Amino acid sequence: MPTATVNTSDSTPDFILTSFPGLEAYRHLLSIPFIIMYSFAIVGNIAIIYIIKLEETLHTPMYILLCILAVVDIGLCNTTTPKMLAILLNDARSISFQACFLQMFFIYFFSTLESSILAVMAYDRYIAICNPLRYSTILTTAAISKILLVLFLRCAILTGLIPIMASKLPYCSSTVVPQTYCDHMPVANLACTDITINSYYGLSVAFLIVGMDVIFISFTYIMIIRAVLKLASKQARIKAFSTCGSHVFIILYFYTSGLGSFLTYRFSKNAFNQLNIVSSVLYLILPPVLNPAVYGVRTKEIRDGFIKHLRRNNHWSRKR
């Protein structure tokens with residue numbers, strides 16, 4: 001039985017990303033839904049940013065956070081989807097050593113930053129519902145900026161160590177990554193050494209960022225529900241719950257899909273089968289698709305702003 005050999009050459013090896021196992025013959029057909037989702041994510045999030053930027057009435061903490069979320073979503077889907085489409089359309093599976101770990105960093109940075117922003121948005125809803133009279137004094141532009149800076153640094157520093165640690169591992173002759181992007185554990189598993197520290201550190205980062213965000217969001221919404229149920233008017237209760245509806249839907253999908261992807265990888269007998277690869281891919285591409293769809297459709301102010309600017313553009317085009 002041949003044994004794996006460590007790559008001892010001076011040049012770092014290129015990695016080979018795989019497509020969906022067993023479905024290689026249908027890779028062109030598989031690319032169609034991903035092209036549609038990618039296009040919708042880019043256009044939808046740019047539209048959200050455009051409307052919030054132009055509408056002065058939307059220059060409030062809630063919509064500023066939504067605008068930042070849209071920017072993060074664009075970054076997240078651009079980190080993985082173009083390379084995945086290149087694999088499906090042109091069979092361009094090779095990725096350089098440096099590009100692989102750079103992609104790894106941005107995947108974890110943007111996904112954890114999205115979790116952090118969802119936590120801040122939950123806090124925004126808590127203040128708006130439970131302490132509305134002090135909303136403008138608590139959530140000032142300066143306060144939001146400081147919170148986002150701390151979260152930005154937290155995500156950058158903690159996730160930045162993941163690709164740095166993985167890049168220092170000695171890699172065997174096999175460089176085939178059983179995934180459509182450079183995920184941490186699929187890449188680290190190619191190393192010819194013990195990766196226990198890498199695995200535990202990845203779990204620690206997941207708990208310190210995503211786990212803490214989930215705890216904070218859960219506690220925040222418990223407080224919101226308690227406050228809403230104390231309202232005397234039924235209409236006031238319905239209105240309060242409706243303002244949180246979009247955010248709750250996004251939170252539930254983001255964390256349940258992330259948990260599903262994590263569990264299928266950790267506890268599946270075959271960690272890299274079709275189901276696990278598809279679930280991990282959808283975890284990264286669907287939130288950027290759903291966020292503009294849910295917030296754009298359910299948020300009246302954004303919907304009205306979009307319709308207003310659409311009518312204005314039609315008016316100018318008729319004049320010409």
Which residue fluctuates most in the GNM of the chain (Cα springs below 10 Å): Leu58, Leu113, Leu286? Leu58
With n ≥ 4 as the cut-off for DSSP H runs, can you work out [θ] at 222 nm for the chain, using -39500 (n - 2.57) per run divided by the number of residues, rounded to the nearest 500? -25500 deg cm²/dmol
Amide H contacts of Cys192 (H built 1.01 Å from N, under 5 Å, at least 5 apart or other chain): Tyr171, Cys172
By how many degrees, between 0 and 90 and to the nearest 10, does the Cα long axis of helix 141-167 differ from the longest principal axis of the chain? 10
So, for segment 5-78, what is the accessible surface per residue at a probe of 1.4 Å, expressed in square angstrom? 52
On C-alpha positions alone, give me the angle between the axis of helix 97-130 and the longest principal axis of the chain, in degrees, nearest 10. 20
Tilt relative to the chain, helix 274-298 - C-alpha long axis, 0 to 90 degrees, to 10: 20
Which listed residue (Phe106, Phe20, Ala119) has the Cα farthest towards the positive end of the charge dipole for segment 1-133, taking +1 on Lys and Arg C-beta and -1 on Asp and Glu C-beta about the Cα centre? Phe20
Using a 1.4 angstrom probe on the protein heavy atoms only, could you order Ser280, Ser94 from most to least accessible area? Ser94, Ser280
Relative contact order of the chain (C-alpha contacts under 8 Å, at least 6 apart) in percent is 28
By its C-alpha gyration tensor, with a ≥ b ≥ c as the square roots of the eigenvalues, how is segment 26-179 shaped: rounded for a/c under 1.5, else prolate for a/b larger than b/c, else oblate? oblate
By the scheme Lys and Arg +1, Asp and Glu -1, what is the net charge of all other residues having a beta-carbon under 13 Å from that of Pro287? -2
Gyration tensor verdict on the chain (Cα atoms; rounded if a/c is under 1.5, prolate if a/b is larger than b/c, oblate otherwise): prolate
For segment 84-128, just say rounded, prolate or oblate: build the C-alpha gyration tensor, square-root its eigenvalues into a ≥ b ≥ c, call rounded for a/c under 1.5, and beyond that prolate if a/b exceeds b/c, oblate if not. oblate
Can you give the charge dipole size of the chain about its Cα centre, rounded to the nearest 20 debye, using +1 on the beta carbon of Lys and Arg and -1 on the beta carbon of Asp and Glu? 1600
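The values are calculated or read from the model by the stated rules, or taken from the named source; none is laboratory data. Just so it is clear, the structure is predicted and the values come from calculations on it, not from any experiment. All Cβ positions, glycine included, derive from the backbone under ideal geometry; neighbour counts span all protein chains shown. The accessibility values were calculated without ligands, DNA or RNA, using every heavy atom of the protein model including side chains. Shrake-Rupley method; radii C 1.70, N 1.55, O 1.52, S 1.80 Å.
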